[in-house]
Amino acid sequence: MGVDVGEFSGDDTSFKIFGGWDFNQFLGGELEYIDGGSAEDFGVNIDVSGFNASLKGAYPFTEQFSVFGKIGMIFWDADLDDGEFSDSESGEDFSWGVGAAYDFTDNFGGRIEYQGFEIEDTDTVDLISASVVYKF
């Protein structure tokens, strides 16, 4: 971004909404909208959001429990504000994730996931999430 924020290390609560299609029990695709919240550090505020498209590979241990990994691209927008100066930037970068899913019924389940985003000019951007899943 246009401002040197040094060792910025902010975090915030975020949310995501996702949908996808499982082609079979081992392979699927997902599209997510991610709102990364508003991280603040050193008096600098950064808002990040974006769309993430991923290819997901899964391994079902049982009919109910599976683990998965995914790779994709995030198309992001970031707004920076330090009270005196503001800047906006956008781009597209590599994303990846790992997680586990459990189906309580045929249509209802949950999952936990860790995602990493290789956004340029950052050391690390990551998201840990717990999700409720409805399948139809």
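Every read-out reported here was derived from the displayed coordinates using simple, explicitly stated rules and does not represent laboratory data. Only a predicted model underlies this, so the values are computations on that prediction, with no experimental measurement involved. Glycine gets a Cβ as well: all are built from the backbone with ideal geometry, and neighbour counts include every protein chain shown.
Can you give me the Rg/Rh ratio for the chain, using Cα atoms for both radii and the Kirkwood formula for Rh? List each step's numbers first, then the result.
Working: Rg = 16.7 Å, Rh = 16.0 Å.
Reported Rg/Rh, Kirkwood definition of Rh: 1.04.
Count Lys and Arg as plus one, Asp and Glu as minus one, and take only other residues whose Cβ is under 10 Å from that of A58; the net charge is then +1.
Measuring nothing but how far apart in sequence close Cα pairs (under 8 Å, 6+ apart) lie, relative to its length, segment 38-134 scores a relative contact order of 21 percent. When you filter the chymotrypsin sites (Phe, Trp or Tyr not before Pro) in segment 32-64 for DSSP loop state and at most 13 other Cβ atoms inside 10 Å of their Cβ, you are left with F42, F61.
Counting Lys and Arg as +1 and Asp and Glu as -1, what is the net charge of the other residues whose Cβ lies under 9 Å from the Cβ of F68?
On the way: positive: K56, K70, R111; negative: E113.
Charge balance in the 9 Å sphere: +2.
When +1 charges are put on Lys and Arg Cβ atoms and -1 charges on Asp and Glu Cβ atoms, the dipole computed for the chain relative to its Cα centre reaches about 1240 debye.
Residues whose amide H comes within less than 5 Å of that of I119, counting only those at least five positions distant or on another chain, are V125 (H built at 1.01 Å from N in the peptide plane).
When the GluC sites (Glu not before Pro) in segment 31-128 are filtered for DSSP coil states and for at most 13 other beta-carbon atoms within 10 Å of their beta-carbon, the remaining sites are E63, E84, E118, E120.
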